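The values are calculated or read from the model by the stated rules, or taken from the named source; none is laboratory data. Predicted model, so just to flag it, every value in this text is computed and none were measured. Because the Cβ atoms are built from the backbone with ideal geometry, glycine has one as well, and the counts that use them run over all protein chains shown. Calculation scope for accessible area: heavy atoms of the full protein, side chains included, ligands and nucleic acids excluded. Shrake-Rupley method; radii C 1.70, N 1.55, O 1.52, S 1.80 Å.
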Amino acid sequence: MLKIAYHPIYKHSLPAGHRFPMEKYELLPQQLLYEGTCKDINFFEPEQPNDKYIVAIHDPEYYYDLINITLNQRAARKIGFPLSRALVQREIHIADGTIKASEFALQHGIAMNIAGGTHHAFTNRGEGFCMLNDQAIGARYLQHKGLVDKILIIDLDVHQGNGTAEIFQNDDSVFTFSMHSKSNYPFKKETSNLDIALENDTNDSAYLNLLKDTLPNLIAQQQPDFIYYLCGVDVIKTDKLGKLGLTLEGCKARDRFVLEQCKLNQIPVMCSMGGGYSPDIKTIVTAHANTFRTAQDIYF
């Protein structure tokens with residue numbers, strides 16, 4: 001069964017006109033239920049995880065500044081959301097969703113989080129709408145529990161996973177692979193284990209050919225026990241914060257190829273949704289929903 005982390009806290013109130021499409025977190029599960037892709041039993045509600053799993057990744061001083069809302073103004077501004085206790089609780093619940101989905105992935109081959117993909121969260125700071133790095137927290141949790149050893153993070157969001165790269169820069173047990181827009185945020189890139197920087201307006205065929213030339217060899221070389229897949233849909237041409245040229249069908253084909261490779265190699269995979277900022281909310285929801293539809297088709 002496909003297990004999916006979702007909590008109403010994922011949709012957080014933002015000031016009018018804010019560019020982050022928070023409503024997608026409410027609309028996406030509604031769409032999946034409406035069309036019959038998922039049923040209520042597919043969803044589970046994350047909770048408050050043990051703090052030790054968060055500070056295993058994040059600097060304790062930074063984490064406690066977050067939960068006490070004592071970050072300095074400059075650090076808070078870089079996050080991009082008005083800082084509040086409710087916002088921090090949202091991020092903590094997202095991290096727990098990824099932790100629990102990681103365990104479900106070990107049981108069922110795949111599991112997903114309606115939110116997550118907070119890859120701009122560094123060890124000791126947040127930026128780009130990210131405060132706590134959910135997949136990094138999940139990865140270290142699995143290792144701490146002795147459930148897996150080697151982990152591969154496949155980050156196909158349009159923006160480089162700079163926080164994830166920094167967190168694991170000296171850790172050979174987690175391989176970070178980021179394929180992203182060359183000229184987009186973050187403008188100061190970190191160094192992943194493998195970075196592929198794409199030119200503006202890269203289209204479906206160029207993108208998919210490059211991915212197909214890279215991923216199977218990477219999996220064969222690394223032989224991971226577990227894969228985290230960050231499947232941001234901001235690679236679509238209509239995206240306001242992306243500079244690539246994929247169509248909805250190209251994005252769907254990307255997801256199919258990645259998940260087929262995970263299934264073919266019998267490697268459990270946990271998916272966090274990542275970014276999506278097209279002007280029409282229907283485009284964002286459709287693109288994200290395609291990932292869940294594809295997962296159901298391949299695995300169940």
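Pick from ILE99, ILE137, ILE110 the residue whose mean-square fluctuation is largest in a GNM of the chain, springs joining Cα atoms under 10 Å.
Largest GNM mean-square fluctuation: ILE137.
Given points 7 Å out from each Cα along the Cα-Cβ axis, report the PHE44 to GLN73 separation in nanometres with one decimal.
Those two pseudo-labels are separated by 4.3 nm.
Where the accessible area of the chain is counted over protein heavy atoms with a 1.4 Å probe, how much of it, in %, is carbon and sulfur?
Accessible surface attributable to carbon and sulfur in the chain totals 48 percent.
Check which residues have an amide H placed less than 5 Å from THR202's amide H, if you skip close sequence neighbours.
Amide H neighbours of THR202: GLY245.
Step through the residues of region 30-42 one at a time and calculate ³J(HN,Hα) from phi using the Karplus curve (6.51 cos²θ - 1.76 cosθ + 1.60, θ = phi - 60°), rounding each to whole Hz and writing x for Gly and Pro.
Those phi angles translate into 4, 5, 4, 6, 4, 7, x, 4, 10, 10, 3, 5, 5 Hz.
Take every Cα pair under 8 Å in region 92-214 that's 6+ residues apart, average their separations, divide by the length, and report that relative contact order as a whole percent.
Working: 195 pairs, mean separation 22.6, N = 123.
After rounding, I find 18 percent.
Take region 83-141, drop everything but the C-alpha atoms, weight them equally and run the Debye formula without solvent; then report log10 I(q)/I(0) at 0.14, 0.16, 0.25, 0.26 Å⁻¹ to two decimals.
-0.37, -0.47, -0.99, -1.05
If you count only protein heavy atoms with a 1.4 Å probe, what accessible area per residue comes out for region 100-173, rounded to a whole Å²?
With all protein chains present, region 100-173 gives 28 Å² per residue.
Just the accessible area per residue of region 193-281, please: how many Å² with a 1.4 Å probe?
41
Going from the alpha-carbon gyration tensor of region 233-298, what semi-axes, largest first and in whole Å, does one get by taking the root of 5 times each eigenvalue?
Value: 23, 11, 10 Å, ordered largest first.
How big is the gap, in Å, between the Cα center of region 251-300 and the Cα center of region 1-54?
15
What number comes out for the charge environment of LEU241, summing +1 per Lys or Arg and -1 per Asp or Glu over other residues with Cβ under 14 Å away? Let's see the in-between values first.
Details: positive: ARG19, LYS24, LYS237, LYS240, LYS243; negative: GLU127, ASP157, ASP234, ASP239.
Local charge sum for LEU241: +1.
With a cut-off of at most 11 other beta carbons within 10 Å, and DSSP calling the residue loop, which trypsin sites (Lys or Arg not before Pro) in region 240-300 qualify? Please list them. Present the calculation step by step, with values, prior to reporting the outcome.
On the way: sites: LYS240, LYS243, LYS252, ARG254, ARG256, LYS263, LYS282, ARG293; in loops: LYS240, LYS243.
Answer in residue order: LYS240.
Given H placed on each backbone N at 1.01 Å, which residues far from ILE196 in sequence or on other chains put an amide H within less than 5 Å of it?
SER178, MET179, HIS180
Looking at this model, which pairs from LYS11/LYS237; LYS145/LYS282; LYS52/LYS243; LYS39/LYS243; LYS145/LYS189 are more than 29 angstrom apart at the alpha-carbon? Write down the numbers at each step before the final one.
Numbers: LYS11/LYS237 25 Å; LYS145/LYS282 39 Å; LYS52/LYS243 38 Å; LYS39/LYS243 35 Å; LYS145/LYS189 31 Å.
Pairs exceeding the cut-off: LYS145/LYS282; LYS52/LYS243; LYS39/LYS243; LYS145/LYS189.
With every protein chain kept in the model, how would you rank VAL158, VAL55 by accessible area, 1.4 Å probe, largest at the top?
Output order, biggest surface exposure first: VAL55, VAL158.
Suppose we look only past 21 Å in the calculated P(r) of region 42-185. What percent of the Cα-Cα pairs does that tail hold?
40
From the backbone phi of region 81-97, what are the Karplus-calculated ³J(HN,Hα) couplings (6.51 cos²θ - 1.76 cosθ + 1.60, θ = phi - 60°) in whole Hz, Gly and Pro given as x?
Once rounded to whole Hz, the list reads 10, x, 6, 7, 4, 5, 5, 5, 4, 4, 5, 5, 5, 4, 4, 5, x.
Quick check: the distance between the Cα centres of region 183-218 and region 83-111, to the nearest angstrom?
Value for the Cα centre distance between the two parts: 26 Å.
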